[in-house]
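Written below as structure tokens is the structure these notes are about.
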Amino acid sequence: MMSSATVANARLAFQSVARKAARFTPTVGASQTQIRFHHPDPFNPKVTKGWKAAVKEAELPTTRADQEIANALHLGLQGASSIEDKSIPTFSRGELPHFAGINTFLKAPYVEDVRDVGKYDATVFGVPFDGGCTYRSGTRFGPQGIRRISALYTPYNYERGIDLREQMTLCDAGDVFTIPANLEKSFDQISNAVAHIASTGTMPIILGGDHSIGFPTVRGLASVTSKNIGIIHWDRHADIQEKDLDERMHTTPYFHATNLPNVNAKNLVQIGIGGWQVPRPAVANMVERETNIFTMDDIEEYGIEKIAEMALERAWDG
């Protein structure tokens with residue numbers, strides 16, 4: 001709870017800002033007309049993105065949301081007679097309520113037979129692996145945690161004016177069976193999984209897992225296409241050493257990925273690299289392979305949109 005003195009100080013500060021923001025134009029009779037010209041009118045739909053986003057929502061269909069409700073009532077039985085909202089089933093099926101139901105990513109359909117993932121535009125699957133960690137373990141529980149928090153969200157994004165449920169199809173294929181005590185066997189499992197998912201034509205979305213999984217993920221993709229693959233790597237760490245603690249750990253994935261025939265180092269873009277945790281051996285590899293590096297200072301100087309444009313241009317080059 002704020003004290004009366006704190007409230008008074010806040011009020012004075014606000015009034016000071018308001019006085020500086022306002023401009024006064026003298027008129028007849030020494031009266032003054034207050035003109036605020038540095039703020040847009042928040043109710044003018046031609047000015048604020050917020051209003052445009054609100055208007056755009058009506059353009060989105062509700063076809064699949066309606067289908068989901070009908071399916072929930074069919075599979076989960078009609079709700080009790082006391083329930084006024086007749087779209088609520090007895091058993092939770094679909095998006096609502098957020099605290100209930102099977103914990104797939106964004107409550108997407110679970111596809112138990114992985115041969116069926118090609119029926120969807122994109123497929124989420126987990127790689128619960130932290131055998132590549134050199135310091136803090138626990139990322140093997142990452143896929144579970146990401147799915148759990150994703151249940152809180154809807155498929156609709158207000159600012160972007162998109163609804164994933166209406167504009168694409170998404171499924172969850174579960175997790176890769178990793179081998180906790182063996183890096184290379186886990187890498188083989190991950191590459192097999194990614195290769196299968198990608199080969200069906202669906203877009204793989206991987207939930208990790210420590211950063212060592214970057215190499216087997218790219219290897220799996222590279223094995224099912226003759227095209228060149230570009231990588232956009234967001235991190236503070238370089239992750240391009242050949243080995244760490246004598247193994248291919250979480251600090252090494254993009255050294256080995258860029259050794260693959262159709263993954264060129266010139267198409268590796270590394271964004272955010274810097275600070276006090278970039279090993280010098282990794283820096284030597286970055287220079288030798290001529291990767292594309294953007295620090296946080298670069299992002300502040302050029303802006304995130306320009307950095308994204310340059311990153312895509314370099315990742316797609318060739």
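The values are calculated or read from the model by the stated rules, or taken from the named source; none is laboratory data. Note that the structure is predicted; figures quoted are calculated from it, not measured. Virtual Cβ from ideal backbone geometry, glycine too; neighbours counted across all protein chains shown. With ligands, DNA and RNA removed, areas are computed over all heavy atoms of the protein, side chains included. Shrake-Rupley method; radii C 1.70, N 1.55, O 1.52, S 1.80 Å.
Here the contact order of the chain, divided by its residue count and restricted to Cα pairs under 8 Å and six or more residues apart, works out to 13 percent. Averaging the sequence gap over all C-alpha pairs within less than 8 Å and six or more residues apart, then dividing by the number of residues, gives the stretch 191-251 a relative contact order of 37 percent. Indicate, rounded to the nearest 5 percent, the antiparallel portion of the DSSP beta bridges found entirely in the stretch 79-227. Here the antiparallel bridges make up roughly 15 percent for the stretch 79-227.
Might you tell me the accessible area per residue for the chain, computed with a 1.4 Å probe and given in Å²? List each step's numbers first, then the result.
Values: 20150 Å² over 318 residues.
That works out to 63 Å² for each residue.
Take the Cα of Glu290, step 7 Å toward its Cβ, do the same at Tyr153, and the gap between the two points is 3.8 nm.
Take every DSSP beta bridge whose two residues both sit in the chain; close to 30 percent of them are antiparallel.
Pairing the Cα long axis of helix 183-199 with the longest principal axis of the chain, what angle in degrees results, from 0 to 90 and rounded to the nearest 10? Helix 183-199 sits roughly 70 degrees off the main axis of the chain. Here Lys46 is the anchor, and the lysines within straight C-alpha reach of less than 17 Å, apart from those fewer than 8 places off in the same chain, are Lys56. The packing ranking of peptides 148-161, 61-74, 188-201, highest mean first, is 188-201, 61-74, 148-161, where packing means the average number of other beta carbon atoms within 10 angstrom of each residue. When the accessible area of the chain is split by element with a 1.4 Å probe, what percent falls to carbon and sulfur? Heavy-atom surface of the chain belonging to carbon and sulfur, 1.4 Å probe: 57 percent.
Going by Cα centres, the stretch 176-252 and the stretch 95-123 are how many Å apart? Each part reduced to its Cα centre gives a spacing of 23 Å. Simple rule: put +1 on each Lys or Arg Cβ and -1 on each Asp or Glu Cβ in the stretch 57-138, find the dipole, and look at Ser82, Val111, Gly131; the Cα lying farthest toward the positive end is Gly131. Taking volume of the Cα convex hull per residue in Å³ as calculated from this structure, the corresponding entry among (1) 187; (2) 263; (3) 119 is (2).
Using a Gaussian network model of the chain in which every pair of alpha carbons under 10 angstrom is joined by a spring, one finds that among Asp239, Asp113, Asp121 the greatest mean-square fluctuation is at Asp113. Mean sequence separation of contacting Cα pairs (under 8 Å, at least six apart), scaled by the length of the stretch 58-187, corresponds to a relative contact order of 29 percent. Helices in the chain, meaning DSSP H runs of at least 4 residues, each add -39500 (n - 2.57). Divided by all residues, the mean residue ellipticity at 222 nm is -10500 deg cm²/dmol.
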